[in-house]
Amino acid sequence: MHAEFIRRLATLIGESAVLTGPDMDAYLTDWRGRYTGNARCVVKPATTEEVAAVVALCAAESVPMVPQGGNTGLCGGATCDESGRAVVINLSRMNRIRDIDPENNTLTVEAGCVLQQVQGAAEQVNRLFPLSLASEGSCQIGGNLSTNAGGVNVLRYGNMRDLVLGIEAVLPDGRIWSGLRGLRKDNTGYDLKQLFMGAEGTLGIITAAVLKLYPRPRASATAWVAVRDPATAVALLARLQSLMGERVTAFELVSDVALNLVLQHIPGARNPLAGTFAWTVLIEVTDTLVDAGLAEMLEEILADEMQSGHVLDAVVAHDIASQKRLWNLRESISEAQRLDGVSIKHDIAVPVSRIPAFIDQADSQLGRAFPAIRIVTFGHIGDGNLHYNLSKPNSMENADFIKETAATNKIVHDIVASLGGSISAEHGIGQLKRAELLRYKSEVEMDLMHAIKRTLDPHSLMNPGKIL
């Protein structure tokens with residue numbers, strides 16, 4: 001029966017597109033190396049019609065399906081379980097740019113397009129697709145959509161939900177829904193695309209999307225700034241926004257612990273400031289005007305803040321090479337952590353004004369509960385999203401420390417909830433936070449989510465074991 005099922009899949013999409021045995025290994029473990037599963041096979045369809053045919057066959061045979069993009073997720077959302085029953089549907093072959101409409105500021109792409117490829121396609125028509133992540137050289141648009149990805153430019157442009165006008169998706173029964181509309185206004189009933197974005201492949205498989213484009217910035221300035229504490233960072237953000245408005249594109253908080261990991265593990269990384277500071281922020285401002293005078297404006301504001309004692313030191317990068325060096329420090333933090341060893345990761349969001357309170361309370365409570373804990377704090381302070389990761393200074397101790405995940409989660413997430421926040425800002429739920437979701441979502445919210453799941457996927461074949 002198993003061999004016959006594999007043969008039928010090969011008939012649908014070609015024998016070379018159906019992987020079995022050791023050929024599947026690269027698709028069965030998540031990027032962090034925390035989850036490893038087993039599958040009947042990995043299929044790599046090349047068109048929406050092939051995806052639909054695979055899904056229809058799996059639905060008819062009651063075979064679970066696990067959609068997968070670039071496999072760069074951090075919550076195990078694209079990794080199958082160990083039962084060996086599921087089919088992994090990898091969309092990397094669906095990597096075509098279907099349409100570019102500069103006058104409508106839209107770009108229609110398939111789900112397997114790598115984010116960097118999409119950014120490049122926009123640049124070719126002098127436009128910007130603003131989603132920017134550390135994994136942009138390998139993550140794919142389908143995964144970005146399915147997790148409602150955020151990244152460093154949310155402050156100005158919003159999350160992935162804000163960057164999409166329409167999608168195409170294959171439903172759990174194999175039907176194709178084509179909602180590829182490039183419209184800013186469409187009040188014809190429910191906004192169905194929103195169901196699939198952020199659903200992590202549990203309601204269907206996104207195969208293509210119409211993305212928003214923006215004018216391409218022609219001037220930019222980047223600064224690495226030492227601040228007294230997180231409260232000062234929040235105040236600096238407010239002052240920058242009041243003076244420079246939407247030119248403030250990114251505002252990233254980096255603790256000394258996070259920076260030191262980068263300096264330790266990433267070749268060529270250098271501290272841009274002469275001294276060592278507990279807290280720094282990376283600021284980027286952009287404008288469509290070539291002669292916007294951004295660096296001068298930024299330097300003037302930072303000079304005023306230094307005189308007041310809020311800013312302790314700063315360096316402003318005027319040229320692209322210097323800007324890239326500063327960004328490399330920020331974007332290498334996750335990789336530096338991975339090289340250092342396993343850790344307990346938190347991807348939380350609170351109102352921007354409550355970030356200092358979260359850090360103070362969480363640092364204090366964790367320090368009392370787990371002496372000698374190492375807390376790596378960094379993230380998108382401009383939109384209230386912090387990556388708050390826990391480990392021991394001696395990486396050899398982390399295998400045991402991971403056993404404290406439930407205890408640390410309760411401390412961190414209880415504080416987040418008390419501050420009106422979210423336990424997942426941009427990484428999703430996957431299999432990592434399913435139990436936590438039950439703790440913090442209301443009964444009404446969970447009932448609604450289950451009702452939607454039952455309606456679209458009544459047999460629970462689409463990415464089972466994720467979110468719900």
Being over 23 Å from the mean Cα position of the chain (by Cα) and touching a residue at least 60 places away in the same chain (Cβ under 8 Å) is true for just one of Leu419, Leu461, Leu432. Which residue is that? Leu461
If you scan segment 165-191, which residues turn out to be surrounded by 13 or more Cβ atoms within 10 Å (Cβ to Cβ), of a type in the set (A, V, I, L, M, F, W, C) and farther than 25 Å from Leu133 by Cα? Val170, Leu171, Ile176, Trp177
Here are Gly143, Gly120: which of them is part of a helix (DSSP H, G or I), within 22 Å of the chain's Cα centre (by Cα) and buried (at least 23 other Cβ atoms within 10 Å of the Cβ)? Gly143
So, Cys58, is that one free of Cβ contacts under 8 Å to residues at least 60 places away in the same chain and not assigned by TED's automatic domain parsing to the domain that holds Ser135 or not? no
For segment 286-293, does any single residue satisfy the condition of being within 22 Å of the chain's Cα centre (by Cα) and surrounded by 16 or more Cβ atoms within 10 Å (Cβ to Cβ)? no
Unique residue being among the charged types (D, E, K, R) and either assigned to a loop (DSSP other than H, G, I, E, B) or closer than 15 Å to Met65 by Cβ (or both) when the list is Glu445, Glu426: Glu426
Looking at segment 239-256, can you tell me whether even one residue there is out of contact with any His (no Cβ under 9 Å at 6 or more places or on another chain) and either assigned by TED's automatic domain parsing to the domain that holds Leu165 or over 27 Å from Leu128 (Cβ atoms) (or both)? yes
Within segment 10-20, is even one residue more than 29 Å from Arg98 (Cα to Cα), of a type outside the set (A, V, I, L, M) and in a loop (DSSP other than H, G, I, E, B)? yes
Answer with yes or no whether Asp162 is over 24 Å from Pro102 (Cα atoms), surrounded by fewer than 24 Cβ atoms within 10 Å (Cβ to Cβ) and either in contact with a helix residue (DSSP H, G or I) (Cβ under 8 Å, 6 or more places away or on another chain) or of a type outside the set (Val, Ile, Thr) (or both). no
Within segment 1-38, tally of residues that are farther than 30 Å from Ile344 by Cβ and among the polar types (S, T, N, Q): 3
Anything in segment 300-337 that is of a type in the set (D, E, K, R) and surrounded by 15 or more Cβ atoms within 10 Å (Cβ to Cβ)? List them, or say none. Glu305, Asp313, Arg325, Arg330, Glu331, Glu335
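Yes or no, residue by residue, for (1) among the aliphatic types (A, V, I, L, M); (2) in contact with a Leu (Cβ under 9 Å, 6 or more places away or on another chain):
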residue: Met297; (1), (2): yes, yes
residue: Leu302; (1), (2): yes, yes
residue: Gly309; (1), (2): no, no
residue: Val316; (1), (2): yes, yes
residue: Gln323; (1), (2): no, no
residue: Trp327; (1), (2): no, yes
residue: Val342; (1), (2): yes, no
residue: Arg354; (1), (2): no, yes
residue: Gln361; (1), (2): no, yes
Looking across segment 69-102 at residues that are hydrophobic (A, V, I, L, M, F, W, C), closer than 21 Å to Val210 by Cβ and assigned to a loop (DSSP other than H, G, I, E, B), the single one that is nearest to the chain's Cα centre (by Cα) is Leu91
Hits in segment 371-406 - residues which are aliphatic (A, V, I, L, M), surrounded by fewer than 13 Cβ atoms within 10 Å (Cβ to Cβ) and part of a helix (DSSP H, G or I): Met396, Ala399, Ala406
Any chance segment 52-68 includes a residue that's crowded, with 17+ Cβ neighbours inside 10 Å, of a type outside the set (Phe, Trp, Tyr) and assigned to a loop (DSSP other than H, G, I, E, B)? yes
Enumerate the pairs (first residue in segment 388-399 and in contact (Cβ under 8 Å) with a residue 24 or more places away in the chain; second residue anywhere and of a type in the set (S, T, N, Q) and in a helix (DSSP H, G or I)) with beta-carbon separation below 8 Å, excluding pairs fewer than 6 apart on the same chain, so at least 6 apart or on different chains. Asn389/Gln337; Leu390/Thr408; Ser391/Gln337; Ser391/Asn398
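The values are calculated or read from the model by the stated rules, or taken from the named source; none is laboratory data. From a predicted model like this one, the values you see are computed outputs, not experimental measurements. Backbone-built Cβ (ideal geometry, glycine too); neighbour counts: all protein chains shown.
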